[in-house]
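Read the figures in this text as sums done on the coordinates, not as results from a lab. Computed from a predicted structure; not experimentally measured. Don't worry about glycine lacking a Cβ; one is built from the backbone with ideal geometry, like all the others, and counts go over all protein chains shown.
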Amino acid sequence: MKTVTLEVSSADDVKRRALAAFKGRRQGARISFATPELLWKVLTAKRWELLKRLAGQKPLTIRAVARRAGRDVKAVHGDVHALLDAGVLDRTEQGKIVFPFDAVRVKFTLRAA
C-alpha cells in the first residue's frame, strides 16, 4: 500500500528532509503545509471526499470524478484545481487527474498559543 503523509512542517524541517534525501535516506511520500490552518483551508470536507474517491484508482477525468462523488462538474473542477495547486493531486500527460496513493496519513501537533 502506498501511503502519503500530509503534515505541518516548517521550512527548516522541509530543508532538513530534502538534504537527508539527497544523501540517500528515504523520506517517504510527504506533502507539507506551513500551518494547520492552511492544511484545513486546502483540505475541506468536499476535497477529502474527492481524495477518498481517487485513492487507489486509475487516472480519471474531472467529469468522472464528479460522477463518482455525485457532485456538480463545475464545483468539482474548482476543488480539483485547488488540490492540483497544492500539490496533492497530479495531472497525467493525457490531462486526467490522479491521486497516486492508496492511503493518507495526517500528522501535526497542536500546541498552546
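Region 82-106 and region 1-79 have Cα centres separated by 6 Å. The count of lysine pairs in the chain with alpha-carbon distances below 23 Å, taking only pairs 8 or more places apart or on different chains, stands at 21. For the pair Lys2 and Thr92, a Förster radius of 22 Å applied to the C-beta separation gives a FRET efficiency near 0.85, rounded to the nearest 0.05.
When DSSP beta bridges are restricted to pairs lying wholly in the chain, around 25% turn out antiparallel. Counting Lys and Arg as +1 and Asp and Glu as -1 over every other residue whose Cβ lies under 12 Å from the Cβ of Val106, the net charge comes to +2.
Modelled label positions at Lys15 and Arg111, each set 7 Å beyond Cα in the direction of Cβ, lie 1.8 nm from each other. Relative contact order of the chain, taken over Cα pairs closer than 8 Å and 6 or more residues apart, is 38 percent.
Build a GNM of the chain with springs between Cα atoms under 10 Å apart, and of Lys58, Lys23, Lys15 the one that fluctuates most is Lys23. Our Cα-only numbers for the chain put the radius of gyration and Dmax at 15.2, 46 Å. Using the Cβ of Ala66 as centre and a radius below 10 Å, the other residues enclosed give a net charge of +4, where K and R count +1 and D and E count -1.
The residues packed around Ala82, meaning those with a beta-carbon under 11 Å from its beta-carbon, carry a net charge of +1 if Lys and Arg are +1 and Asp and Glu are -1. The GNM of the chain, with springs linking C-alpha atoms under 10 angstrom apart, assigns the highest mean-square fluctuation among Leu51, Leu19, Leu39 to Leu19.
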